[in-house]
1. What's the number of the only condition in (1) more than 18 Å from residue 123 (Cα to Cα); (2) surrounded by 15 or more Cβ atoms within 10 Å (Cβ to Cβ); (3) touching a strand residue (DSSP E or B) at 6+ places or on another chain (Cβ under 7 Å) that residue 70 fails to meet?
2. Against the definition (touching a strand residue (DSSP E or B) at 6+ places or on another chain (Cβ under 7 Å), within 20 Å of residue 122 (Cβ to Cβ), surrounded by 15 or more Cβ atoms within 10 Å (Cβ to Cβ) and in contact (Cβ under 8 Å) with a residue 40 or more places away in the chain), how does residue 77 come out, yes or no?
3. Out of 121, 106, report the one residue that is part of a loop (DSSP other than H, G, I, E, B) and under 20 Å from residue 35 (Cβ atoms).
4. It is to be established whether one or more residues within the stretch 50-69 are modelled with pLDDT of 95 or more, farther than 28 Å from residue 23 by Cβ, outside any helix (DSSP H, G or I) and in contact with a helix residue (DSSP H, G or I) (Cβ under 7 Å, 6 or more places away or on another chain).
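The values are calculated or read from the model by the stated rules, or taken from the named source; none is laboratory data. Keep in mind that what you see is a predicted model, and the values were worked out from it rather than measured. In this analysis, Cβ positions are derived from the backbone assuming ideal geometry, glycine residues included, and neighbour counts consider all displayed protein chains.
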């Protein structure tokens with residue numbers, strides 16, 4: 001009887017561990033994205049750059065070059081009015097996270113973040129694709 005209770009408890013632990021481990025990469029990706037956006041809002045180039053993958057750092061080898069690129073090419077990410085997380089998808093070692101953003105000009109955007117697991121187990125942002133949303137109906 002005692003063994004059956006332990007076996008059941010262990011099975012429940014494994015099931016709950018599986019659920020949390022599946023959610024963990026998404027939670028980690030969302031935290032990284034949120035922290036990078038906070039760094040942009042605080043004009044903290046060093047912190048914002050720290051979330052970039054080695055591939056991104058290879059293209060933009062200096063934090064000031066990276067920061068200027070984001071300011072010019074990703075204004076809604078650099079200065080979001082509001083943002084919220086949308087859908088997410090795990091594809092191997094990559095989390096694709098949808099971020100719904102209201103830009104400083106009031107236009108709505110969807111940013112698709114590609115957050116990749118690194119060999120050391122950490123996650124870094126490996127790219128962002130910006131998609132402008134069509135205006136909704138007047139309310």
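1. Condition (3) is where residue 70 drops out.
2. No: the conditions fail for residue 77.
3. The conditions single out 121.
4. Within the stretch 50-69 (the criterion being modelled with pLDDT of 95 or more, farther than 28 Å from residue 23 by Cβ, outside any helix (DSSP H, G or I) and in contact with a helix residue (DSSP H, G or I) (Cβ under 7 Å, 6 or more places away or on another chain)), the answer is yes, since at least one residue qualifies.
Every residue, every condition in (1) touching a helix residue (DSSP H, G or I) at 6+ places or on another chain (Cβ under 8 Å); (2) assigned to a loop (DSSP other than H, G, I, E, B); (3) surrounded by fewer than 19 Cβ atoms within 10 Å (Cβ to Cβ); (4) at pLDDT below 95, yes or no:
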| site | (1), (2), (3), (4) |
| --- | --- |
| 87 | no, no, yes, no |
| 101 | yes, no, no, no |
| 115 | yes, no, no, no |
| 135 | no, yes, yes, yes |
